[in-house]
Amino acid sequence: MVAALAGEWNVDLDHVYATGHSNGGMMSYRLGMEAPDLVTAIAPNAGSIGVSGLPATPVPLMVMHGKLDTNVPYRGGVGSGISGTDFESQRASVRPFLIANGATDMILAENRGQAQRYESVGTGGTGAPIHYWWLKDGGHSWPGVGSAGMPNEPTNFDIDANAEIWAFFAQF
């Protein structure tokens, strides 16, 4: 798809980013795992990793996930959605990137109301950080916006996902 778009549009192949919500977040995880040479950085929201292994090269990663997400549960397990999928936990979803990026740990870097941002440490000079937004009051929604399909879904408004993703991607 990237090659097709680059054939028709002026695409800077050194700056290709992937983000998405739910299944789109899972797709961005997969791109980071299976095509790290194609993407510059990824930012999944309300998703879980669905493939095993490690990225072949370090990948900058920013994740946002709500503690109250029952569709793709924070701790993993079968979600409340119609798919009946048994999802990986958030810890398991981030672990391959921690390893590939050379990180030794994650530390609390920022509190914004009910939003906590953790950062990777010890990336060994790879230039591929990991930022993880844990949203204590967030569900299966887009932080700062909500969920059009599920208007009563818990949403964190302490951060704006669009602004956070762009600020993260703009570093690379």
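Would you be able to tell me the number of residues in segment 53-70 that are in a loop (DSSP other than H, G, I, E, B) and within 27 Å of residue 167 (Cα to Cα)?
10
Taking the condition of being modelled with pLDDT of 95 or more and either part of a loop (DSSP other than H, G, I, E, B) or under 17 Å from the mean Cα position of the chain (by Cα) (or both), how many residues in segment 111-127 meet it?
Of the residues in segment 111-127, 8 are modelled with pLDDT of 95 or more and either part of a loop (DSSP other than H, G, I, E, B) or under 17 Å from the mean Cα position of the chain (by Cα) (or both).
Hey, among the residues in segment 22-74 that are β-branched (Val, Ile, Thr) and over 11 Å from the mean Cα position of the chain (by Cα), which one's farthest from residue 103 (Cα to Cα)?
Result: 70.
If residue 118 passes every condition in (1) within 20 Å of residue 29 (Cα to Cα); (2) exposed (fewer than 15 other Cβ atoms within 10 Å of the Cβ); (3) without any contact (Cβ under 8 Å) to a residue 40 or more places away in the chain but one, which one does it miss?
(2)
Would you point out the residue of segment 1-21, among those that are within 10 Å of the chain's Cα centre (by Cα) and among the small types (Gly, Ala, Ser), that is farthest from residue 48 (Cα to Cα)?
Ranking the candidates gives 18 first.
Go through segment 39-52 and report how many residues are on the phi < 0 side of the Ramachandran plot and in a loop (DSSP other than H, G, I, E, B).
Within segment 39-52, residues that are on the phi < 0 side of the Ramachandran plot and in a loop (DSSP other than H, G, I, E, B) number 8.
Mind telling me which of the residues 162, 156, 152 ends up being surrounded by fewer than 18 Cβ atoms within 10 Å (Cβ to Cβ) and assigned to a loop (DSSP other than H, G, I, E, B)?
Only one candidate qualifies: 152.
Among (1) crowded, with 16+ Cβ neighbours inside 10 Å; (2) assigned to a loop (DSSP other than H, G, I, E, B), there is one condition residue 14 misses while meeting the rest; what is its number?
The single condition residue 14 does not satisfy is (1).
The values are calculated or read from the model by the stated rules, or taken from the named source; none is laboratory data. The structure presented is a predicted model; accordingly, all values stated were derived computationally and were not measured. Ideal geometry is used to build each Cβ from the backbone, glycine not excepted, and the neighbour counts take in all protein chains shown.
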